[in-house]
Amino acid sequence: MIPPADPGAGYRAQQAEIDAALHRAAASGWYILGREGAAFEAEFARWLGTARAVGCGSGTDAIVLALRALGIGPDATVVTVSHTAVASVAAIEVVGATPLLLDIDPETFTMDPDELISVLGDPPPGLPPIRAVLAVHLYGQGCDLGPMLEACGALGIPLIEDCAQCHGSLLDGRKLGTFGRVSAFSLYPTKNLGALGDAGIVATDDAALADRIGALRQYGWRDRYISAESGINSRLDELQAAVLRARLPRLDGNNARRREIAAAYDAALTGGPVAPPVRRPGAEHVFHQYVLRVPGRPAMQAMLREAGIGTAIHYPMPVHLQPAYRGRVPLGPAECRETERAAEEVLSLPMYPEMTDEQVDRVCAALRALR
Ligand SMILES: *Cc1c(COP(=O)(O)O)cnc(C)c1O
């Protein structure tokens, strides 16, 4: 069976370098916030093109720390989408803020900028003031950031980028994660850049904001043992940082391989009943996921399973319909109708850079059989 993702194959492809990195960190005798972490932060910031990057415990915590550092708390509403990993919404609630969930553009699966402009100009009654927008770049390509940044900028509302699925993706030639006030990356094992456990990183050009995030991730310490403000414990450990340092130099090449696999899938689908994923003009997609819209999804999943091809659904239930949130989180005026349709139809094909040509050919043969 070809799995939808294979983080073990990623480890095996670099086993000698990753093992050496793990041993180096283990032998150092220093396991939390040391040389590996500091070096990874500097290398990641240089790769991304921001002044600073601050490691933390997960992608969820990266969003939490970004929100906290911007002073977003219980007296605030944060606008995001319902068609995302639940973590985007969970992070907003961790800081005590109210998530306001908007609908998506059905072609790119990202926030509808017109609905954002509408709620910023005319916020739904009964909610705390909107103090931030969390823009989720889903599946590997960016939101329609231009109008979103313009609308936020006009009101002085910070835009935070959720970059958990877009490491290395470009919009108009510029890396995602460099457009907003601050950006949050997950380094979960299956992401385009993944650790061998939980990890995350926050990036920004604002040195004061980066310093505050650095303090908040460790009990609010600016000086050791003295909390300048109340913080949390969400640190990037040295073992994960060492692994990530070994992997970062491979990221761009791995993204190129993902695009090559996507191009093969595109060609196999051409002329058939299922259209390849829509690319946003000006975007360079990094295919964290290769997602189709398939009205008869169960039949197609079964056909692929029969051919030894695993698939996944990102995501089977919109956040606002999940038991923890249903009937409780406010929605924008479009009431997430496209989001609910998408949840019924999205299907993710196997996508990871270590897929062999033979595996890619097998998926393509199954896709050609749809014609
Ligand atoms: C994975 C993911 C997160 C959360 O990251 P974790 O490291 O799992 O906490 C947040 N947002 C999106 C869009 C994600 O895909």
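Rule-based calculations on the coordinates, nothing more; no lab input. Because the structure is predicted, anything quoted here is derived from the model rather than measured. Using ideal geometry, Cβ is built from the backbone for each residue, glycine included, and neighbour counts are taken over all protein chains shown.
Each peptide among 25-34, 148-157, 199-208, 340-349 gets the average number of other Cβ atoms lying within 10 Å of its residues, and from highest to lowest they stand as 199-208, 340-349, 148-157, 25-34. Residues whose amide H lies under 5 Å from that of Tyr219, counting only those 5 or more places away or on a different chain, are Gly231, Ile232, Asn233, Ser234; hydrogens are built 1.01 Å from N in the peptide plane. The residues packed around Ala342, meaning those with a beta-carbon under 13 Å from its beta-carbon, carry a net charge of -4 if Lys and Arg are +1 and Asp and Glu are -1. For the stretch 271-292, the residues whose backbone nitrogen is under 17 Å from a point 7 Å from the Cα of Ile313, taken along Cα to Cβ, are 290-292.
Order 35-44, 286-295 from most to least packed using the mean count of other Cβ atoms within 10 Å.
Numbers: 35-44: 19.6, 286-295: 21.2.
For the peptides 35-44, 286-295, the packing ranking is 286-295, 35-44.
Computed over neighbours whose Cβ is under 9 Å from that of Asp205, the net charge equals +1, Lys and Arg +1, Asp and Glu -1.
In percent, how large is the relative contact order of the stretch 7-249, given Cα pairs closer than 8 Å and 6 or more residues apart?
Numbers: 506 pairs, mean separation 66.2, N = 243.
Relative contact order comes out at 27 percent.
What relative contact order, as a whole-number percentage, does the stretch 250-368 give when Cα pairs under 8 Å and 6 or more residues apart are counted? Spell out each step's value before the answer.
Details: 121 pairs, mean separation 44.8, N = 119.
Relative contact order for the stretch 250-368 comes out at 38 percent.
Here the Debye sum runs over all C-alpha atoms of the chain as equal scatterers in vacuum, and log10 of I(q)/I(0) at q = 0.10, 0.13, 0.14 Å⁻¹ comes out as -0.63, -1.05, -1.20. The slack between Arg250 and Asp223, meaning 0.36 nm per residue of separation minus the straight C-alpha distance, is 6.1 nm.
Computed with the Debye formula from one identical point scatterer per Cα of the stretch 282-342, without solvent, the log10 of I(q)/I(0) at q = 0.13, 0.16, 0.17 Å⁻¹ comes to -0.53, -0.75, -0.81.
Please give the length that would be gained between Arg305 and Ala365 if that part of the chain were fully extended, namely 0.36 nm times their separation in residues minus their C-alpha to C-alpha distance (nm, one decimal). Don't skip to the end; give the middle numbers.
Values: separation 60, 0.36 × 60 = 21.60 nm, distance 1.33 nm.
My answer for the length gained is 20.3 nm.
Once the other residues with Cβ under 15 Å from the Cβ of Gly177 are scored (Lys, Arg +1; Asp, Glu -1), what is the net sum? Can you show the working numbers first?
Details: positive: Arg46, Arg52, Arg174, Lys175, Arg181, Lys191; negative: Glu41, Glu43, Glu161, Asp162, Asp172, Asp205, Asp206, Asp252, Glu284.
Counting the neighbours of Gly177, the net charge comes to -3.
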